[in-house]
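The values are calculated or read from the model by the stated rules, or taken from the named source; none is laboratory data. Small disclaimer: the values here were computed from a predicted structure and weren't measured. Counting neighbours? That spans all protein chains shown, and the Cβs are built from the backbone with ideal geometry, glycine included. Please note that ligands, DNA and RNA were not included when accessible areas were found on the heavy atoms of the full protein model with its side chains. Shrake-Rupley method; radii C 1.70, N 1.55, O 1.52, S 1.80 Å.
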Amino acid sequence: MRGAVATLTLNRPKALNALSPELMDELVAAIARCDADESIRVLILTGGPKAFAAGADIKAMSQSTPMKMLTSEIIAKWDRVRDCRKPIIAAVSGYALGGGCELAMMCDIIIASDTAKFGQPEITIGVIPGAGGTQRLTRAIGPYRAMELILTGDMISAQEAASYGLVSRVYPADELMAAAQAMAEKIAARPPLAVRMAKDAVRYAAETTVREGLEIEKRNFYLLFDTYDQKEGMAAFAEKRKPEFRGE
Ligand code: CAA
């Protein structure tokens, strides 16, 4: 913590910060602590140089079932990031893929280093985005670009993400954290109640008509865990081979 700014760093570099249930539990708890701490006004969420986060942990969920996912609230818990009343700046270097891109989009501002890569590659492992990607990315960059990214699974660079409006600023990698800190301190110096109300209002505008879509997205995400192609896609990823999808 520096000044009124708390920095939370995803630190599971061996798995490119894959968002396991444990990591997400820790993150959600840390955000809740910051939210309750009067001395903190702004949060920065960051990862490592190679990855902000390469998605939900594929290995941890590959054998899951729709009912297990529903009852463990595996993805529903992530919504608590969105519930934080204080602004969160995502400072992204390296991969922000799948759940990693979705986690960045749960934050309020996304800034990136010129090494960042964004994408929703879930289609390549037999599923779809399940933590907001179909809704938030569509709102952020428009339906046609979002559709292209979600259906192809392709990645975009930080510069492309900035030109699409997903990222607000791009910095050289070694300047990213200083820039994030400076932006956070600027916001921390604004009147906190106004900051809170402003965040609330902007979020309200962005999310009221999205809610229903998020429910449908989650349900469809869970349902895909009943398919052969999900098992095959995730197994192939773990075994480092090309998946053979059957469309069933
Ligand atoms: N889950 C679990 N482990 C992951 C992971 C993930 N999402 N991403 C990377 N890892 C692991 C790899 O398995 C590997 O572990 P081992 O060393 O034990 O084999 C380690 O991290 C390093 O990864 P790579 O060797 O693959 O590194 P690379 O530089 O060759 O490739 C990459 C980097 C292109 C990001 C590649 O790792 C990749 O494609 N990752 C998966 C991306 C993805 O599909 N994300 C979506 C996940 S599903 C999701 O997020 C659902 C949702 O919407 C909620």
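Seen against the Cα atoms of the chain and their longest principal axis, helix 176-188 is set at about 60 degrees.
With the simple model of a label 7 Å out from the Cα in the direction of the Cβ, R241 to S20 spans 2.6 nm. In percent, what relative contact order does the range 5-188 have, based on Cα pairs under 8 Å that are 6 or more apart in sequence? Over the range 5-188, the number comes to 22 percent. Helix 211-223 against the longest principal axis of the chain: what's the angle in degrees, Cα atoms only, rounded to the nearest 10? Result, in degrees: 40.
Among M105, M147, the order of accessible area from largest down is M147, M105, computed with a 1.4 Å probe on protein heavy atoms.
Fully extending the segment from A201 to L70 would add 44.2 nm, taking 0.36 nm per residue of separation and subtracting the current Cα-Cα distance.
Across the chain, the longest run free of exposed loop sites, meaning trypsin sites (Lys or Arg not before Pro) lying outside DSSP classes H, G, I, E and B with no more than 11 other Cβ atoms within 10 Å, spans 1-239. Listed cross-link partners K86/K117; K50/K240; K14/K117; K50/K199; K77/K199; K68/K199 are compared with a 24 Å cut-off, the Cα-Cα value being larger for K86/K117; K50/K199; K68/K199.
Once the other residues with Cβ under 13 Å from the Cβ of K186 are scored (Lys, Arg +1; Asp, Glu -1), what is the net sum?
Within the 13 Å Cβ shell, the charges total +2.
The string of couplings for the range 145-158 from the Karplus curve (6.51, -1.76, 1.60, θ = phi - 60°) is 5, 4, 4, 4, 5, 6, 7, 8, x, 5, 9, 10, 7, 4 Hz, one whole number per residue in order, with x for Gly and Pro. Using a simple spin-label model with pseudo-atoms 7 Å out from Cα toward Cβ, S168 and A32 lie 2.8 nm apart.
Against the chain, whose longest principal axis is taken from its Cα atoms, helix 192-207 shows a tilt of about 30°.
For the chain, evaluate the Debye formula with one uniform point scatterer on each Cα (no solvent term) and list log10 I(q)/I(0) at q = 0.10, 0.14, 0.15 Å⁻¹, rounded to two decimals. Taking Cα atoms of the chain as identical point scatterers yields -0.45, -0.90, -1.04.
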